[in-house]
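Report on one structure; see the data block that follows.
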C-alpha cells in the first residue's frame with residue numbers, strides 16, 4: 001500500500017460504511033419513501049414497507065447509525081427524514097446507473113439470443 005492509500009484509508013472506510021447502510025433492499029426502499037416526502041412517521045413507514053415493527057426498527061437503526069436518516073419524536077410518534085438531501089441525489093444516480101446497466105445487459109442478451117443454435121456434440 002502506498003502513502004496515498006494510507007492517508008486515504010479513513011475516508012475509504014467512511015465511504016464503505018455509507019454503502020453498508022445502503023446494502024439492504026428494505027433500507028433502500030425506506031430511503032426512497034423518504035425522498036418523496038419531507039418526513040414520514042414510523043406508522044406510515046410500516047404501511048409502506050409491510051414490515052413488522054421490530055424489523056423496521058432494526059433497519060432504521062442502521063440508517064441512523066450510518067447518518068442517512070434522522071429521527072424526531074413528537075409526542076408518541078417518531079418521524080424520520082433524510083439526514084442530507086444528497087441521499088436522494090445518490091438514490092437517483094444509482095437508479096440511473098442501474099437503468100444503464102440493465103439496458104446494456106438487455107442488449108447483450110438480445111445479441112446472445114440472435115446467435116445460431118449449437119448442435120449436439122457430434123463426438124459422443
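The values are calculated or read from the model by the stated rules, or taken from the named source; none is laboratory data. Remember, it's a predicted structure, so these values are computed and weren't measured experimentally. All Cβ positions, glycine included, derive from the backbone under ideal geometry; neighbour counts span all protein chains shown.
Taking into account only those residues within region 41-56 that are within 14 Å of residue 24 (Cβ to Cβ) and part of a helix (DSSP H, G or I), which is farthest from the chain's Cα centre (by Cα)?
Ranking the candidates gives 55 first.
So, in region 57-74, of the ones that are part of a helix (DSSP H, G or I) and touching a strand residue (DSSP E or B) at 6+ places or on another chain (Cβ under 9 Å), which residue ends up nearest to residue 89 (Cα to Cα)?
63
Considering only residues that are surrounded by fewer than 10 Cβ atoms within 10 Å (Cβ to Cβ) and modelled with pLDDT of 85 or more, which ones fall in region 101-110?
Once the filter is applied, which keeps residues that are surrounded by fewer than 10 Cβ atoms within 10 Å (Cβ to Cβ) and modelled with pLDDT of 85 or more, region 101-110 yields nothing.
What number of residues in region 41-53 are at pLDDT 95 or above and under 27 Å from residue 16 (Cβ atoms)?
Counting residues in region 41-53 that are at pLDDT 95 or above and under 27 Å from residue 16 (Cβ atoms) gives 1.
Only one of (1) surrounded by 10 or more Cβ atoms within 10 Å (Cβ to Cβ); (2) within 23 Å of residue 20 (Cβ to Cβ); (3) modelled with pLDDT of 95 or more fails for residue 72. Which number is that?
(2)
Looking at region 28-50, can you tell me whether even one residue there is touching a residue at least 60 places away in the same chain (Cβ under 8 Å) and out of contact with any strand residue (DSSP E or B) (no Cβ under 6 Å at 6 or more places or on another chain)?
Yes, the conditions are met somewhere in region 28-50.
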